[in-house]
Amino acid sequence: MKQTTLQDTRDRRVTPGRPPSGQERRAGKRPSATDRQGHTRKVKTNSGGGIKKALIINVVNQLAVLIDTGVPLSEALQGITDRTIEPKFRELLQSVTDDVRSGNPLSTALAEYPKAFPPIMLALLRASEASGTMSAMLNRIALYLTKENQTAKQVRGALTYPMFMFAMCIGVTVFLLTVVLPQFAGIYANRGAALPAPTRFLMAVSGQLVDYWAFYSGGTVALAVGLHFWSRTRLGGIQIDWLKLNTPILSNVFRKLYLSRACRTIGTMLETGVSLLETISIVRGVTRNKYYDRLWDEVDSDLRNGNPLSNVLYESPMIPDQIAQMIESGEKSGRLSQVFSRVADFAEEDFDQAVKTATQFIEPLMIVLMGSIIGFVAVALLIPIFSVGKVVAGG
């Protein structure tokens, strides 16, 4: 069986006129935006954050309809801006509109807000500006972003329920130990020798929680904050990405998620005329996993060396062999974009099924876990009551 490992990527020299490699992007080298006159303008790397995807999708849909009906781009943008209610997004759209009116392409104006507009959207817009098919491309972008948004909601939905159930389980257990169990302490006082082991254990835990609640509360908060900052380190990110690909039940969801996103992105971009090298440079931001970053680095390197795309995919543990075989067939037949789009269709179906399966499995598992913990607490409390005669008698 293929093993998922993370190795250091190979160094590659920067050559003029090619997209930045994965290693260069990790080093923080971001391409600058240029206006129509060729003047370099600094990209606003901290602009556009916090804008909801739904707002972006709505604007793209409106813009596609207006342009398709013959409304000039700047006029369409201004009309959408005037009808936008959210202040932050309205300000962003007004800035984009002003840039377009000054003679800059729409893709260049949007590139100043990388946190709001994804790289694939900018690449597709650049392709449409070159071919004069902006209306059709905006419809394609809206469809792509809508699917991505739906996929993200599916993942959040699959993870929210078990997290909620686990939090409820912990909350109810703490309530029983800190509020309910102390009410029984008076009954059991000085009868420790007559109490069963589960009850003595719970009373000891309850005493610790009640006497040192401030310590445990502070420790829990410190642990949560520490885990948050640790997850943002390189080592923490690698380990979390490893867990996503290897945790039972959830690994199947994440693997199919990354596969469907990658295939949909590559298929969409190749169909619109974006080069394969630029496509690979953008797909990294779609999978967002260190192990897939390693895969795209290897693909990028092999493509630059003149090797087929399928070579690396056959060797990767993240890509099923049957998928790599279909991609190889697409390369040989010159229909790579169609193959990726077809693969994306049934990869998304597999992802939908994986989410349903994971949810159906996790729900009873969490119910059993919650029931077992609360049941243990309840039984430990009730056993002495059922034998209250022996407890009161001291044995």
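The values are calculated or read from the model by the stated rules, or taken from the named source; none is laboratory data. If you're wondering where the values come from, they're calculated on a predicted model, not measured in any experiment. As a convention, Cβ positions derive from the backbone with ideal geometry for all residues, glycine included, and neighbour counts pool all protein chains shown.
Quick check, is Asp321 farther than 22 Å from Ala358 by Cβ, touching a helix residue (DSSP H, G or I) at 6+ places or on another chain (Cβ under 6 Å) and either at pLDDT 90 or above or exposed (fewer than 15 other Cβ atoms within 10 Å of the Cβ) (or both)? Step through it out loud before you land on a result.
Working: farther than 22 Å from Ala358 by Cβ: yes; touching a helix residue (DSSP H, G or I) at 6+ places or on another chain (Cβ under 6 Å): no; either at pLDDT 90 or above or exposed (fewer than 15 other Cβ atoms within 10 Å of the Cβ) (or both): yes.
It is false that Asp321 is farther than 22 Å from Ala358 by Cβ, touching a helix residue (DSSP H, G or I) at 6+ places or on another chain (Cβ under 6 Å) and either at pLDDT 90 or above or exposed (fewer than 15 other Cβ atoms within 10 Å of the Cβ) (or both).
Which of the residues belonging to the stretch 66-98 are under 22 Å from Gly49 (Cβ atoms) and in contact (Cβ under 8 Å) with a residue 40 or more places away in the chain? Before the answer, list the steps.
First, pick out the residues of the stretch 66-98 that are under 22 Å from Gly49 (Cβ atoms): 77, 80-81, 84-98.
Scanning the stretch 66-98 gives a single hit, Leu92.
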For Lys390: the one exception among (1) within 30 Å of Thr160 (Cβ to Cβ); (2) modelled with pLDDT under 90: (1)
Residue ID - surrounded by the fewest Cβ atoms within 10 Å (Cβ to Cβ), chosen from residues in the stretch 284-303 that are modelled with pLDDT of 90 or more and aliphatic (A, V, I, L, M): Leu303
